[in-house]
1. Of the conditions (1) over 26 Å from residue 402 (Cβ atoms); (2) of a type outside the set (D, E, K, R); (3) out of contact with any Asp or Glu (no Cβ under 7 Å at 6 or more places or on another chain), residue 464 clears all except one; give me its number.
2. Looking only at region 245-263, how many residues end up being in a loop (DSSP other than H, G, I, E, B) and either crowded, with 23+ Cβ neighbours inside 10 Å or among the aliphatic types (A, V, I, L, M) (or both)?
3. Would you confirm whether any residue within region 264-279 is farther than 30 Å from residue 244 by Cα and part of a helix (DSSP H, G or I)?
4. Identify, from the list 591, 675, 653, the residue that is acidic (Asp, Glu) and surrounded by fewer than 13 Cβ atoms within 10 Å (Cβ to Cβ).
5. Taking the residues in region 339-357 that are touching a residue at least 40 places away in the same chain (Cβ under 8 Å) and in a helix (DSSP H, G or I) as candidates, determine which candidate is surrounded by the fewest Cβ atoms within 10 Å (Cβ to Cβ).
6. When you scan region 507-518, how many residues do you find that are buried (at least 24 other Cβ atoms within 10 Å of the Cβ) and assigned to a helix (DSSP H, G or I)?
7. Taking residue 668, is it within 40 Å of the chain's Cα centre (by Cα), more than 16 Å from residue 566 (Cα to Cα) and surrounded by fewer than 18 Cβ atoms within 10 Å (Cβ to Cβ)?
8. If a residue must be in contact with a helix residue (DSSP H, G or I) (Cβ under 7 Å, 6 or more places away or on another chain), assigned by TED's automatic domain parsing to the domain that holds residue 47 and not aliphatic (A, V, I, L, M), how many such residues does region 120-159 contain?
Amino acid sequence: MNSANRQITAEFGPAARLGAVPGNGGVHFSVVSQNADYIELCLFDAGQAHETQRLRLPGRAGDVHFGFVPGLPLGSLYGLRAYGPYAPLQGHRFDPAKLLADPYALQLDRPFAYDPVLSAPPDRATDTAPLVPRAIVVDLARDATPMAPGRPGFTYEVLVRGFSMRHPHVRPEMRGTLAALAEPAVLDHLTRLGVETVELMPLAAYVDERHLFALGLTNVWGYNPITHMAPDPRLAPGGYAQIRNVVAALHRRGIRVLLDVVLNHSGESDEQGPTLCYRGLDNLLYYRTHPDDPGLLINDTGCGNTMAVEREPVSRLVIDTLRCYVEAAGIDGFRYDLGTVLGREADGWFNPHAPLLEKIRQDPVLESRIHVAEPWDIGPGGYQVGHFPPPFLEWQDRFRDDVRRFWQGDSGLAGALATRLAGSADLFQASGRPPSASVNFLAAHDGFSLADIVAYRSKHNDANGEQNRDGHHDNHSWNHGVEGPCEDAAVVAARLRDVRAMLATLFVARGTPLLTAGDELGRTQSGNNNAYAQDNATVWLDWENANTDLTGFVQRLARLRAAHPALAADEWLTGENLADENFPDAIWLSERGIMRAEDWADTRRHMLGLFLRRAGDGVLAFFNASFEASVVDMPATRPDHGLKLVLASDRPETAQQWVSQSFVLGPRSVTILVEVAI
């Protein structure tokens with residue numbers, strides 16, 4: 001039999017899993033639509049623009065439409081068409097001329113590509129089959145093993161495509177794909193750097209925004225997904241087998257893998273966007289619409305639509321997506337883009353105990369995984385930093401901004417810096433979470449690169465085609481008197497000095513340090529702080545011109561943090577004496593000793609010291625954001641111990657040395673000493 005004369009039955013009822021599920025000598029198909037009259041399964045032959053057969057799903061159990069095709073082999077290509085009312089004002093947008101991707105697709109035969117025809121109204125009767133990827137019937141092994149539960153530690157955010165496009169030691173055919181991360185040169189770099197967790201930016205199959213189509217640009221970040229489970233063939237052409245192999249390679253180096261998932265919206269955008277999946281299957285079910293105007297999509301994401309995760313079929317899709325990546329690829333956890341959406345209930349407001357968040361916390365497959373929320377969206381009450389429940393970690397923009405402002409030289413920042421160095425107890429302690437709940441970062445994929453923070457006062461996003469209107473406007477950045485590239489050796493040195501000071505601050509602070517791939521190389525985006533549409537040298541890491549001295553400096557910081565429990569401890573500071581010792585776990589210091597009330601109140605203060613202790617360990621760090629040197633008195637040490645200088649960010653070549661009564665801190669520097677037995 002070929003695909004043109006298949007039969008379909010409802011004899012087995014709906015399968016336990018939605019999507020295409022091989023079994024019983026054929027394939028079970030199930031899809032959820034509450035408002036469709038009926039749904040057709042479309043079978044394709046490879047290389048053909050149109051389906052060879054349409055089969056109406058004959059069964060329906062509640063909102064699940066299902067059918068079984070005997071004898072259909074693995075590797076078969078399929079899509080869906082949904083029939084029902086086209087009544088946009090009532091929220092219904094059924095159009096059988098639109099071929100639809102299965103929300104539960106596990107592999108696609110090609111990437112999504114935007115075309116204006118995908119948004120054409122039904123009266124044009126334009127068949128979109130030639131434009132839409134086909135899902136491939138696969139039978140995934142779901143026996144992958146994540147690493148044992150644990151904290152993420154030093155986390156490294158990776159844009160898969162940009163990471164390896166210019167890597168000289170990655171085979172050309174692997175550049176720009178996930179497979180590059182399993183290449184020996186890449187694994188060696190991660191290991192030398194001290195990375196404990198890789199956080200992959202989205203892998204799900206995505207489509208370009210329609211305005212990029214008009215501008216001739218493409219989305220390189222991938223935060224515009226269609227099928228949440230199916231990996232994008234451009235990033236993981238080998239599908240789940242490739243993801244699993246790469247994850248296993250990282251696991252063998254002791255490196256965990258988190259996956260950035262975009263479950264808050266889809267790439268179908270607003271009411272004028274393309275119909276590729278959810279809109280055509282049941283717009284009113286899958287998306288949140290205004291209660292008084294069901295034809296108007298709620299846009300809490302800023303991307304045109306918002307997934308209705310408060311509804312059971314959508315929350316099930318979320319849970320099934322997460323479980324699939326864990327069971328089939330061994331993923332260790334997830335970073336949730338615009339995570340506030342996942343906690344919004346039917347009334348539109350965020351609840352830290354919303355049903356979906358509770359399902360994630362209680363699911364037997366997911367409960368022990370790492371969960372990291374981006375705790376904001378643009379909807380009402382969208383800024384929720386510090387309000388997610390355990391065990392969620394949270395990206396922490398307060399750390400980013402306070403640390404940047406301190407090193408920018410803003411007044412009155414000593415107290416804010418101390419709060420961030422101590423793990424941001426003001427945000428996370430009350431919920432019963434440890435300091436590791438705070439994911440601390442200086443720069444991320446969106447915003448300035450670390451090098452650009454000290455080289456640009458203003459964003460330069462003209463290449464994005466939006467007249468520089470896009471991207472953050474308030475970056476807390478500075479340029480040392482020259483905007484952008486500079487050949488003045490003094491300016492270049494000053495910029496690098498500030499970068500090293502910020503990096504040292506990141507690795508001393510309690511919490512989970514996150515570094516964006518390439519910032520250890522000195523990456524620049526030429527002042528573009530929203531480079532999502534720059535699939536070019538703007539985001540492709542320049543390995544051949546990497547700043548190897550800066551890379552070595554990050555390695556030193558990571559080793560220092562790993563070697564000292566006083567730095568890596570995941571406990572809140574108390575200021576109380578350690579057990580059996582007459583020394584507290586933390587002392588805050590000025591130039592002349594313990595910080596007093598008037599020192600904290602001094603808005604001109606640009607220097608702060610912190611002496612951290614744990615049993616048998618002590619680390620002293622001074623943060624001097626002043627442009628002047630500062631003489632500091634050394635605090636008392638344990639009996640028969642002394643202080644040894646191990647790192648000076650302004651003079652990284654300085655050899656280790658003993659320091660006795662006082663020490664001169666260089667301007668714009670972080671100085672780290674360790675307490676050592678004499």
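1. If we test residue 464 against (1) over 26 Å from residue 402 (Cβ atoms); (2) of a type outside the set (D, E, K, R); (3) out of contact with any Asp or Glu (no Cβ under 7 Å at 6 or more places or on another chain), just (3) comes out false.
2. The qualifying residues number 3.
3. Scanning region 264-279, I find at least one residue that is farther than 30 Å from residue 244 by Cα and part of a helix (DSSP H, G or I), so the answer is yes.
4. Unique residue meeting the criteria: 653.
5. 355
6. Matching residues across region 507-518 total 1.
7. Answer is no for this residue.
8. 2
The values are calculated or read from the model by the stated rules, or taken from the named source; none is laboratory data. Please read all numbers here as calculations on a predicted model, not as lab measurements. Here the Cβ is made from the backbone with ideal geometry for all residues, glycine too, and neighbour counts use every protein chain on show.
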